[in-house]
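Working notes, structure below.
The values are calculated or read from the model by the stated rules, or taken from the named source; none is laboratory data. Computed from a prediction, not measured in an experiment: that's the story for all the values here. Reconstructed Cβ throughout: ideal geometry from the backbone, glycine too, with neighbour counts over all protein chains shown. Side chains are part of the model used for accessible areas, which takes the heavy atoms of the whole protein and leaves out ligands, DNA and RNA. Shrake-Rupley method; radii C 1.70, N 1.55, O 1.52, S 1.80 Å.
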Amino acid sequence: MSDTPLKLFNSLTRELEIFEPVHAGQARVYTCGPTVYNYQHIGNMRAYVFADTLGRTLSWKGFSLRHVINITDVGHLTSDADEGEDKMEKMAAREGKSAWDIARFYQEDFERDLARLNNRPVQHPRATDYVDAMIEWGKKIAPDHCYELDGGLYFDVSSVADYGRLARAVTDDGEGRIDTVEGKRNAADFAIWRKTPAGETRQMEWDSPWGRGAPGWHLECSVMGRNLLGFPLDIHTGGIDHREIHHPNEIAQNQAFCGCGSLSEAANSGAKIWMHNNFLVERSGKMSKSAGEFLRLQLLVDKGYHPLAYRMMCLQAHYRSELEFSWGGLAAALTRLKRMVMAVERLSDAVSAPTIDHAKFASSLAKFTDAMSDDLGTPVALTALEDALAVKKVDAGIKRAVIEHMDNVLGLDLFDLKRTDLRIRPKDTQMTEAEIEAELIRRKQARVAKDFAASDAIRESLAAKGVEVMDGDPLGWDWKLG
Ligand code: AMP
Ligand code: ZN
């Protein structure tokens, strides 16, 4: 629990604001979730590490948290500007499975990745469970804000005040949108409901007043956000790309539904604060899901990295900064995590003290609190945790309590991780861990007996099988798979 006010950067006002909850003592957060037509890449996962860190910070500030991350299992076309093919149906056709099976499979994979990154559980509603509510929403806003075309029901963005303020778009063309739909009144108008073309059937379709078809992607977040958390929400989050199209469209639907006016009043947008994480970027294009082997968490694990090394990598950058992925950067993050885990292991026998109040920790605790309270300053907060670990001649129980206090916010799982969990172990290694350990024991015995020829021979035979023995490494990496 921390009493320092929490400042967050509101993308709608482009200002830091003190978080004041809509409902006393509560924080209600909606995070745009994944489209479950494929695996998530690690860039997507950065968005959820950010959302989880925000949730943890709100809990630390004493708010009871209600957090929703929706599952988009219908309606998302291949372009955010609402054109192209349906992502779910396209993948279903390619894999020869039903769109429903595809959605369940990739949702489960997503949830597994969240858990591996030590994200706390939150609510995961599926869009397909809210189609009736979406139709009701459409019926309410259609008379004053929508018009029908052959393709379905379209939202007229000129019917609400300040359309596009979140994106700071100057013209209604927004971010270079191409107006390919015949009859749209404004280039930025978007589908609320998409009619199945005559003579076709979709795997996922429903009857509506605007014909049989499926809801537009933007509608689901308006509907699930309001149904599950009520308007205005406290905080709405997503990746920075959502600031340009998806969220301005959600906001327009919310204004229409609530009969709200100007966005000078942030709550009229449906949320008091809109927050966006910047992108994880990668030079070689491996982040693209269309590029064959793409960067997903499992690939990091297959190459031998513990998933929490990736969480560390995310926390080392501020969420509003771009973060460049590299394997070297990931290895450095792993090493840093390992140093922390080793320092924490030395506290493992201590019983947590009931208090974190001790003069020796005052400065690291203050640094931590100031950093996290200032728009989630995780890079500095990590150094505060390291400062606390370095404090000498202090009761181990208090130190343990201080580190627990900090790690509850950062989510690095420092007390459950073991240094052996952090060995680099690619899945294509030929030896099992037990075999490696047995060889290392033999080698140790050889060294004790001063039989250095035997010891070197074991070292070389291990190296030939891709296991590098790291003698005398200050970090104590017992071994590493090269
Ligand atoms: P999608 O499944 O495409 O809707 O994306 C899921 C989430 O990941 C959204 O919040 C996106 O804004 C976010 N996102 C997509 N690409 C990246 C990236 N490279 N880095 C960080 N966040 C991303
Ligand atoms: Zn959304």
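Annotations
- Per-region count, segment 443-468, residues touching a helix residue (DSSP H, G or I) at 6+ places or on another chain (Cβ under 8 Å), open to solvent by less than 70 Å² (accessible area, probe 1.4 Å) and either of a type in the set (K, R) or closer than 30 Å to K303 by Cα (or both): 6
- In segment 237-250, the residues that are near ligand 2 (Cβ under 7 Å from one of its atoms) form Cβ pairs under 7 Å with partners that are modelled with pLDDT under 95 and open to solvent by 10 Å² or more (accessible area, probe 1.4 Å), at six or more places apart or across chains, as follows: H246/D80.
- Residues being open to solvent by 10 Å² or more (accessible area, probe 1.4 Å), in contact (Cβ under 8 Å) with a residue 60 or more places away in the chain and more than 16 Å from ligand 1 (Cβ to nearest atom) - total across segment 216-235: 4
- In segment 395-419, residue most open to solvent (accessible area, probe 1.4 Å) [restricted to those that are modelled with pLDDT under 95 and part of a loop (DSSP other than H, G, I, E, B)]: K418
- All positions within segment 104-131 that are among the acidic types (D, E) and either in contact (Cβ under 8 Å) with a residue 24 or more places away in the chain or not in a helix (DSSP H, G or I) (or both): D109, D113
- First in segment 8-34 and outside any loop (DSSP other than H, G, I, E, B), second anywhere and surrounded by 16 or more Cβ atoms within 10 Å (Cβ to Cβ) and aromatic (F, W, Y), Cβ under 7 Å, 6 or more apart: L8/F19; N10/W274; L16/F9; Q26/F63; A27/F63
- Evaluating N227 against the criteria (1) within 21 Å of the chain's Cα centre (by Cα); (2) away from ligand 2 (no atom under 13 Å from the Cβ) leaves one unmet condition, (1).
- Among the criteria (1) open to solvent by less than 50 Å² (accessible area, probe 1.4 Å); (2) in a loop (DSSP other than H, G, I, E, B), the one S364 does not fulfil is (2).
- Single condition G230 does not satisfy, out of (1) modelled with pLDDT of 95 or more; (2) over 26 Å from H124 (Cα atoms): (2)
- Pairs with Cβ under 7 Å, 6+ apart, first in segment 45-57 and within 13 Å of M372 (Cα to Cα), second open to solvent by 10 Å² or more (accessible area, probe 1.4 Å) and part of a helix (DSSP H, G or I): R56/N408
- Complete set of residues in segment 280-312 that are surrounded by 19 or more Cβ atoms within 10 Å (Cβ to Cβ), over 28 Å from Q430 (Cβ atoms) and more than 12 Å from ligand 1 (Cβ to nearest atom): R311, M312
- Test: residue in segment 341-348 that is within 22 Å of the chain's Cα centre (by Cα), open to solvent by less than 60 Å² (accessible area, probe 1.4 Å) and in contact (Cβ under 8 Å) with a residue 24 or more places away in the chain: no
- Test result for G259, at pLDDT 95 or above, away from ligand 1 (no atom under 13 Å from the Cβ) and open to solvent by 20 Å² or more (accessible area, probe 1.4 Å): yes
- Of all residues in segment 236-256, exactly one satisfies the criterion of being among the β-branched types (V, I, T) and open to solvent by 30 Å² or more (accessible area, probe 1.4 Å), namely I240.
- Only one of R112, R104, R126, R116 that is within 15 Å of ligand 2 (Cβ to nearest atom) and open to solvent by 40 Å² or more (accessible area, probe 1.4 Å): R126
- Residues (buried (at least 21 other Cβ atoms within 10 Å of the Cβ) and of a type in the set (S, T, Y)) located in segment 1-55: S11, Y30, T31, T35, Y37, Y48, T53
- Residue list for segment 424-442, filter: in contact with a Gly (Cβ under 8 Å, 6 or more places away or on another chain), open to solvent by 70 Å² or more (accessible area, probe 1.4 Å) and closer than 15 Å to E468 by Cα: R425, Q430
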